[in-house]
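Nothing in this text is a laboratory measurement; each read-out follows from the coordinates by a stated rule. Keep in mind it's a predicted model, so treat the numbers as computed, not measured. Neighbour counts are summed over all protein chains in view; Cβ atoms, including those assigned to glycine, are modelled from backbone coordinates with ideal geometry.
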Amino acid sequence: MPTDDIRWIDDRGRDNDYNPPELNPRGIIMEAKCPHSATTVNCNDCRMSALCLPMALQADEIDRLNRIVERGRPLQRNEYIYHAGEPFKSIYAVRSGAVKGFTVNDEGVEQVTGFYLPGEIFGMDGIGHPNHINSAVALETAAICEIPFSRLEELSTQIPSLQRHFFRLMSREITNDQQLITMLSKNSAEERIATLLTSISARNARRKLSGSRFRLPMSRADIGNYMGLTVETVSRVFSRFQKQDILSVDKKEIEILDLDRLRSMANT
Amino acid sequence: MTSIQDYQGLEHAVEFLTPRLACANHLPFVWTGRETEPSPAGVSLLCPSRPCAGFADAITTEMSLKREFLAAGQTIESLLLRGDPMRQFNAEQLTELVFRFCTGFDLADTDLGCRSIALTPEYCTRTNLALVKGLAFNFVELHLDASIAGPDRSIAPMERAATLIGEFAGLGLHCRIRLSADTDGGFIERLTTTLMACDCREIEFIPSPPPLRRGGNYRIGRPVRQRIARLLQEAGYRLRGDRDFTNETGPGNGLRYGEWGFYDGRIQTWLGLGPAATGIVRRHLYRNARDIDAYLAKVKEGTQPVAEWSEAPVLSEPACEAAQQLFCYHRLPGNTDPETMANLEKPMARGWLRTEGDSYSLTDAGIDNLRTLCRDLAHRRHPLD
């Protein structure tokens, strides 16, 4: 057996300093810095820290926040983060992947209430209520940080900037939701789709990703449900935007060719 | 020193409806901890016009302090943000305020409650209104200053604000219009017509001194008032009090009037928060310190900022009840107590009241003098009268 004071190299060229990669529950090797990995991620070096709760914090404050964050294994597609009616205990941050929020009415019909991308906080529908009003499910493999709300509240009393930032995030979420509801009640199908695409574009740009070329994590059916449109209308609008050279579409891969025109359609 | 102009929203001064005898500034009753109070409570937050550093934190603290005024299990049904809230709260502070309200009190599980916020047209942006709607406010109280509106003054900003409010389904509109003797009658008519078209549920015309001259009668002329009243009544609005028109169906015979306007009389406890705010707790009236700095200092040291309590019970006196009936419904039932009726002999002789079947109703002259009538009536039993 190799010992620490003998330098060895194996047949793959790996030496003493090599750290074996972690395996996910499916036995797939994951790199230590993979965003889906739960074991080595820390708020201090998370790629989403500039968008998420740590944004307003100093280094030592981020450490204190990091201690209350719980990170479980990555979630697979269609795996639930929480169900409607479950007691509200935590809010959540998307570290990677994408999440869909939805409600189910008395007739069992699902209504999509929002899409959450990396760096975004969700689960705030439970605040002020004993239980979650919506359900949240992963749209693709996703890594989620869970922040127990009582501990966040306690920490916020000690770190005023955290409290302010948290309520800033909450007010932005509330405002965006309401503006969407208002938009749905009066805008055309093209204007609604344009609003969604410009929103995703802006959210990607905030993460320093391309705002003009991205992959839609949600299905056409989910988009239709969210926008109050049939899936056929959604497909027709995408085709129309392609013919008008506003978009280039290849299944879920989107390239925005004329962002200015899309923005003016979205009234933004 | 704080002046009354710092408190937009105190126009509903109701000295005539709530006679009081100031006493020591301590709670005039003692909770045993076994009290229950089945009727819901309301919260009325009065925000000064002058921006005050630390106001948002002070209100959050006062909310915790005022919890001791509620009986165990007493729920909150209404929340009124009055005065100039957007001068004191930015978006995240407003969100936190509502969050603290939702988590700090037991909220009544009903759709009957009123959750309103006072806004001026400059603050009626799509973003602000989206937040207000998202925070579950169901009314905007739009404050308009028309005290020096000439005939060529544009109503465009007011119309824009009212139209934008209408874009948010479920967000109702109440309007408070400040007028003076200098306000052009044609302008009022144009504004009123526009507000009716925007489905404004309540329009109140508040007389104020003309800013450009002092003294004299500052009420708008009677012909203008009559023209506006006719315009509104033909559109289905009815008059409450002496200056408030509404097309809403009220709570039957349970309407009351207080410093926060007309409200459902089922709510018998009001927590008034903020400087100069008034509250009613167990039928006793209190008022917070009027001076903003004194208010902030008291809250910062963790003590109730109440400056005075009324010793006299305010809700159960027959004379006060009669004053409320006259003010809210312009009528008195025929079985009103004899002593109150004796006090109404002079107003009747003046032609302010007339008999109608087995009840009494106000004449136009009575409505014109309603506040005087109610004040005299309510104070008749006051020991200082």
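Determine the shape class of the stretch B:318-379: with a ≥ b ≥ c the square roots of the Cα gyration tensor eigenvalues, call it rounded for a/c under 1.5, and otherwise prolate if a/b is greater than b/c, oblate otherwise. Cα axes put the stretch B:318-379 in the rounded bin. Ordered by the number of other Cβ atoms lying within 10 Å of each residue's own Cβ, fewest first, B:284, A:83 fall into the sequence A:83, B:284.
Under the combined filter of DSSP loop state and at most 11 neighbouring Cβ atoms within 10 Å, the stretch B:117-162 retains none of its chymotrypsin sites (Phe, Trp or Tyr not before Pro). Going by Cα centres, the stretch B:342-358 and the stretch A:144-189 are how many Å apart? Going from one Cα centre to the other spans 58 Å.
The residues neighbouring residue A:223, those whose beta-carbon lies less than 11 Å from its own, together hold a net charge of +3 under the Lys/Arg +1, Asp/Glu -1 convention. Fully extending the segment from residue B:355 to residue B:238, taken as 0.36 nm per residue of separation minus the present Cα-Cα distance, adds 40.1 nm. How many angstrom lie between the C-alpha centres of the stretch B:116-135 and the stretch A:194-268? Between the Cα centres of the stretch B:116-135 and the stretch A:194-268 lies a distance of 29 Å. With R₀ fixed at 25 Å, the C-beta to C-beta distance from residue A:255 to residue A:140 puts the FRET efficiency at about 0.80.
Rounded to the nearest 0.05, the FRET efficiency derived from the C-beta distance between residue B:68 and residue B:294 at R0 = 22 Å is 0.60. With each label point set 7 Å from Cα along the Cα-Cβ vector, what nm distance links residue A:76 and residue B:348? So the label points at residue A:76 and residue B:348 sit 8.6 nm apart. Going through the cross-link list A:186/A:208; A:100/A:251; A:186/B:133; A:100/A:252, which pairs have a Cα-Cα distance over 21 Å in this structure? Result: A:186/A:208 exceed 21 Å.
Neighbour counts of C-beta atoms inside 10 Å place A:250, A:63, A:106 in the sequence A:106, A:250, A:63, starting with the fewest.
Put in line by how crowded their Cβ is, counting other Cβ atoms within 10 Å and starting with the fewest, A:145, B:198 read B:198, A:145.
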